[in-house]
Structure formats: C-alpha cells, structure tokens
Amino acid sequence: MDLYEHEAKQLLDEAGIPTPRAIYAQNSHDVALAVEEIGLPCVIKAQVKIGHRGQAGGVKLVHTRDEAILASEQLLPMTIHGHKVSGVLVAEAKNILHEYYISIAIDRNSRDFDVLATANGGTEVEEIAKEHPEAVKRLHISPLEDFNIDAARAMAQQIGFYHADEEQAAQILLKMWQVFKDNDATLVEINPLAKIGDPDDDASKSLCALDAKITLDDNAAYRHDGWQQFVDPYAANELETRAKQLGLHYVKLAGEVGIIGNGAGLVMSSLDAVAGAAKQQGSDIKPANFLDIGGGASAQVMKQSMEIVLSDPKVRVVFINVYGGITSCKEVATGILQSLDEITAIRPIVVRFDGNAAAEGLSILQSANNPQINVAQTMEEAAQCAVRIALESGERA
Amino acid sequence: MALFIEQGAPVIVQGMTGHQGMTHTARMLTAGTRIVGGVNPRKAGTTVAFDVQGSSVEIPVFGTCKEAKEATGAKASVVFVPPRFAKDAVVEAIEASIELIVVITEGIPVADSAYMVALARQHGVQIVGPNCPGLVTFEPSDAPLPGVNLGIIPQDIVSYGPLGLVSKSGTLTYQLMGELSDIGFTAALGAGGDPIVGTTLLEAVQAFDADPNTKVVVMIGEIGGSAEQEVAAWASEHMTKPLVAYIAGFTAPEGKQMGHAGAIVSGGKGTAQEKKQALEAVHIAVGETPGQTAQYAREALSQVQ
C-alpha cells in the first residue's frame, strides 16, 4: 500500500524527523483556514499517489490567501497521470539551500535493505544514477544487523552530507530506519531532504524532509491496527474493494474479456494470451481484469468470482482458465453452473480445464447443455475463442 | 535428481496437523516421500494416521524441530504454518540444523522473509520459497529409491526425463509439466512469488546446469524484480546447456500487484518486456505462450540429443 505525502510525513513526524508544518485539506474553505494557521507564503501540494506531480502542475507556491484558494480550486478537481487528487497539503514554504535524496527499500537481489543516497536530490534519482553514478551512494543494512546510531554515523559519513550537519543527517537516517522497520515499510523515501534556513546565519540551518513517499507491506497489515486510517477511498476501484473483502485477488483493467483462473502466474499468462490472440486477429480487444481464485477454491468462491467479473458492464465474455493442482475442476464447474443460474446479466463463457478432475468438470458443464458455455482444449485456443466472441458481440451491440 | 535433497531423506512437516498440512502430507507420503514426523507444540507426543495406498501410516508429532531432528535425523522440513507464525517456525528449523526448509505459506511479511533467508544463509541452510509450490524430484523407474515430493506439486503430471524446471508460479509449473509430460523431468522447483525468496531462479538454474541428467532447463518468470536478468547475465557466461524461458505479465499495468506479492511493475521497472529483452540478448529463447515455450524446449532437446 502506497501512502499519500501527508500520511508519510505524519509517520516521519511521529518518529522525530523534521518536516515543514502542514495541514491537509479537501476543500477551499479548509484551505483558507489552513493558510491562516500556516502563514504566508506557503505551498499548496496536490495529494496524489504518483510521481512527477510537480511537472504536471500539482504544486503551487502562493503568497496571498486568495492565491491559495484559487490554487486549491485548480488542484482539487485534478487528475494527475490518471490518479484522482484526494486533497491538498497546505505546507510552510521553506528557504531551500541544498537538496539531498535518501531512501531505504527492500533489495530483492541482495535480499536485504538498501539505502540509496545522493547529495544531488530534488530530481529523479534514477537519472542521476545514470548520468553521475559516482554521485549516488548505495549501502546495505543486513536483516540480522542492529542498525544503531554508530552505524548511522558511519553511513552518514560515507554518503557525505557536505554543507550539512552530519550528526543531524545520522539522526535522520536512524529515524528513517525506525520508520521503515516499525511500520513494516518496503520503501521510505525522502526527496528532497533539504537544508533550509537563512544563508547568512549558520545557526539557522538545518535538515528538513520536504517531500516523502512510503510504501507499506500489505502482508504485514495483520500486525498494524493503525493502518485502518490509511485506507484510501480514491485508490481502489469499487469492484477491487469488494473482491478484497471476499479474499480474491482482482485487478480491474479496461478491456472486454473477463479473466478468471487459479494461480497468479496462470492468470497473468491468460491475460497475455488474450492480448496475443487479439493481435493475431487484428483487433483491439483487451483483458478486462485479473482474477485469481487461489488454490483449492470452492464452488462458492468460483460463483463469487463470476459475480465480480460480470459486475463490470464492459465485459463481453469470460475466459475461465484452470489447471487443477489442489483446485478441483469439478468444484469450479459446479460454481460456474450456479452462477449461470443466479446471475441475470450473464454473458458467454469460454472454459479451459486441465489437471485435477478436469474430465469430471467438463462432463458437469456438458450435462448442463447451456449455449453460453464454450469449451476449449488449450489455453491458446480458449483465448482465441474468447477474443472472437468479444468481437462478434461488439459488432452486434 | 537430488535437488537440494537426496532420495529417501527423512522429512518433517511443520503445520502438519492443520487442514493444508494434513492434505499434503498424505499426498507427499503417497508420492513416496519419507515423512518421519510433524511438529506442533500443542500436540506433541500424539500420532496422526494417514491413509497411504490403502494402508494406514502413523506419523509422530513432536513439540519442537529440535526434538524431531534428534528423534528422526530429519534433513528437510516442509512448512505450512500460517503467515504470522511462519518466521518463528523457520527460525526454529534453522536452529535445529534442518538442511532444507521448503516454505509453502503465502502472505509472510517481507521483513520476516528477509530475516529468515539471511539467517539461513548464515547457517548454510537452504530455504525454498516462501509462497511457492515446493519442489519435486524424479528418478528413473528402475532406480533404487523414488524421487522426493516436498510441497503441493501434483505427482501424477509427469515422470522422469531430461528436463529441469524452475518457476516463480505454481500453476504455470503444472501447465509446463503438462505440456511436456511426454518427455519428463529430473526435477521441478517453485521458487515462489514473493519479493525475497530463499532459492532464486539463478540458484535453481545453476543446480540444474550442474546436474548431468538434466539436458535442457525451462525457466518460468514473471513481472517484478530482476531475477530473470540475473539468470541472463550468468547464463551468457557460464551456462553449459540450453535454457528456454517464459515470462508472464506483459499486459500487467504499472503499480498494480498481480496476485503474487512480488509481481508488480513499479517505477517502470520489472516489466515482462525488459526481462524478455535481457534473455533474448544472450540468445535465450522466450516463448510467447506456455505452448510455444514447450515447443522451444523440444527443439532445444532435439539439438542436444
């Protein structure tokens, strides 16, 4: 789960990492009140879970209350790179003297935690890494190691926070690690970590997290009651939320062929097969969703999956691809027939069974003698058939 | 083939007395795996009866891995423990010097997996998984001992043959085994769909490359991370036998987790396209579909035989 900037900063703030004073608001009235509290000038920042927000016009520096209201009225209805803006953050404007970048993340290759840092923050760290690889420091924290203040000091020295207070940098690194560990994060990124203050007064200079991104590990949700507050009504599609409540992995896409299968890999492969078949048939038919019924699914789970997929009005045909390991094709077939009985807005289905109880499953489907059911021998054939049906029903409509 | 485990090696099951554990212990026993005990502190001292081809087999339950190891000399453990208890279970197995730990459990927090994988590597213990279907090895029908089935991979899809298979996905493992059932396998290993796993695609490919009976290796990857690129980089320099690959998830959108915790394209990285390009750049054939991948495996085999 990705957090919004204001949520990420709340976690940093709780850990004692300096962040600018800021108030989250969802309408221009609250923005006006926030401006009185924060003072002018201030920054109005669209809250959206996608990068390149600044370039898309999602951040505005304002000098008056009226400018702030105007800015919020522009930002609040915006959709940035396909993501609806949830609200705005009214934040203190800081005088930036220098920008750094620091992140802590799961490293899938070295199978530990990876600290990435550069003294040239503020822009894309990937670009800096490409153009000036020597400027980006990459260090590792072992899962078995206790990362303490001494380790943080050594790391801050290696990173080289020139022009900044190295001791404060070490404290921030240590606190970032605590945020990462205590919250079961997979990413904690501060970009920029800025040196702020009066250029002529050394005593006023300090480090401050101006923007932050945090991703939490969904698998760890069971041990964090506090994550309820981060549930995002803007992010999930209504069908995705419903599927999640039923314990199904469902991802809504934009196409016409609904897809249900067992196992994440086989379902992804089914999506690809539909896209490949559409290309061969010279059409722009696309998969409508990803739905994994998991291992050992019951007839009930299959029926619920059909209901979710067919709740999408764009779906013209459903491709059901099951290779039974623990899952029994017999159960799946029973679930399909139940859904045909109960769902009114039924559409044609294409079924491909293999493995555990495939023959029994197919004979259950055949005995129903329902014209909506099409059976294919292989997943490639099934994908071709599903695309053909989607095309034909599109032409009729 | 002995893939991280010898034929006939004694095996324990952690979480044997749960529903999944019971189902799959019965399956593994039927497949010829030498299951010698279960671990459950609340049921220590009891036994569980399994029906194996019509006759009843009594398996003892031990309170800890250490007790099970001392009593049985267990070399491997299969873990079906629920996510919130999985880390402690695996740490216990590592500390009991179990040599191979196959973690089937899906949904373990990645920080827990990072810890148990690091601890296992420090102790020289091999973890397979988590979030994987396990591993299965095959032997010729005239071999003195049958292969080993650790986990949930169905036994009856294939028999012994010259192919090796490693996969991030369970059902795609079965799919490819089914497509190539007429040829057969030395072993198949499900590496798992989590961001951090104990045995990477590369480690499995290296094990198959070192096995004299494996003639062609099939690798099934998917979006997320860069384990497939690691294989491409190593294979181009060191691989001594043909490798063919399949990658799932070309149609996966950015930023969406596709079922597996590790199957996600983020910041434009970990796409199926970049994996395919990395493999093809070093002349590893990548099938468009599982069917085409199977075809590539057949062609590769006909060239080496």
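The values are calculated or read from the model by the stated rules, or taken from the named source; none is laboratory data. In this text the structure is predicted, and so the values were computed from the model without any measurement. In this analysis, Cβ positions are derived from the backbone assuming ideal geometry, glycine residues included, and neighbour counts consider all displayed protein chains. SASA here: full protein model, heavy atoms, side chains in, ligands and nucleic acids out. Shrake-Rupley method; radii C 1.70, N 1.55, O 1.52, S 1.80 Å.
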Projected onto their principal axes, the Cα atoms of the stretch A:96-229 stretch, largest extent first, over whole-Å spans of 50, 32, 29
Mean Cβ-within-10 Å packing, highest first, puts peptides B:206-218, A:378-390 in the order A:378-390, B:206-218
Candidates B:Met116, B:Met177, B:Met258; GNM for chain B (alpha-carbon contacts under 10 Å) flags as most fluctuating B:Met258
Computed for A with B: buried accessible area summed over both chains, 1.4 Å probe, rounded to 100 Å², at 3800 Å²
Between the alpha carbon centres of the stretch A:264-340 and the stretch B:230-272 the gap in Å comes to 23 Å
The correct ranking of B:Thr271, B:Thr173 by accessible area at 1.4 Å, largest first, is B:Thr271, B:Thr173
Relative contact order of chain B (C-alpha contacts under 8 Å, at least 6 apart) in percent is 13 percent
Going residue by residue through the stretch B:277-284, the Karplus relation 6.51 cos²θ - 1.76 cosθ + 1.60 with θ = phi - 60° gives ³J(HN,Hα) values, rounded to whole Hz and with x marking Gly or Pro, of 4, 4, 6, 5, 4, 10, 6, 9
Relative contact order of chain A (C-alpha contacts under 8 Å, at least 6 apart) in percent is 12 percent
Here the Cα Rg-to-2.2 N^0.38 Å ratio for the protein assembly as shown is 1.02
Longest principal axis of chain A (C-alpha) makes with the long axis of helix A:358-368 (C-alpha) an angle, in degrees to the nearest 10, of 60 degrees
Per residue of B:192-198, other chain Cβ atoms within 10 Å number on average 3
The answer for the protein assembly as shown, accessible area per residue at 1.4 Å probe in Å², is 40 Å²
Out of B:Ile104, B:Ile127, B:Ile284, a Gaussian network model of chain B with alpha-carbon springs under 10 Å gives the largest mean-square fluctuation to B:Ile284
Over 21 Å (Cα to Cα) among A:Lys137/A:Lys175; A:Lys49/A:Lys130; B:Lys215/B:Lys269; A:Lys303/B:Lys256 -> A:Lys49/A:Lys130; B:Lys215/B:Lys269; A:Lys303/B:Lys256
P(r) of chain B over all Cα-Cα pairs, 20 Å bins starting at 0, rounded to whole percent, reads 35, 57, 8
Rounded to the nearest 10, the angle in degrees between the Cα long axis of helix B:201-210 and the longest principal axis of the Cα atoms of chain B comes to 90 degrees
The pairs in A:Lys181/B:Lys276; B:Lys43/B:Lys168; A:Lys213/B:Lys275; A:Lys45/B:Lys275 lying past 31 Å Cα-Cα in this model are A:Lys181/B:Lys276; B:Lys43/B:Lys168; A:Lys45/B:Lys275
Between the Cα axis of helix A:5-14 and the main Cα principal axis of chain A, the angle (0 to 90°, nearest 10) is 60 degrees
In nm, the gap between the two label points placed 7 Å beyond Cα toward Cβ at B:Val304 and A:Ser110 is 3.4 nm
Cα-based Debye curve of the stretch B:158-304 sampled at q = 0.08, 0.09, 0.14, 0.19 Å⁻¹ gives log₁₀ I(q)/I(0) of -0.19, -0.24, -0.58, -1.10
When chain B is treated as a Gaussian network with springs between alpha carbons less than 10 Å apart, the largest mean-square fluctuation among B:Val61, B:Val48, B:Val117 is found at B:Val48
Cα extents of the stretch B:1-103 per principal axis, largest first, Å, are 36, 34, 25
Per the helix-only model, the protein assembly as shown has a calculated mean residue ellipticity at 222 nm (DSSP H runs of ≥4, -39500 (n - 2.57) each, divided over all residues, rounded to the nearest 500) of -11000 deg cm²/dmol
Computed on Cα atoms only, the convex hull of the stretch A:238-396 has an orientation-averaged projected area in nm² of 8.0 nm²
By the mean-Cβ-within-10 Å protection proxy, highest first, B:106-114, B:82-90, B:289-297 rank as B:106-114, B:289-297, B:82-90
For the stretch A:21-92, averaging the sequence separation of alpha carbon pairs under 8 Å that lie six or more residues apart and dividing by its residue count, the contact order in percent is 49 percent
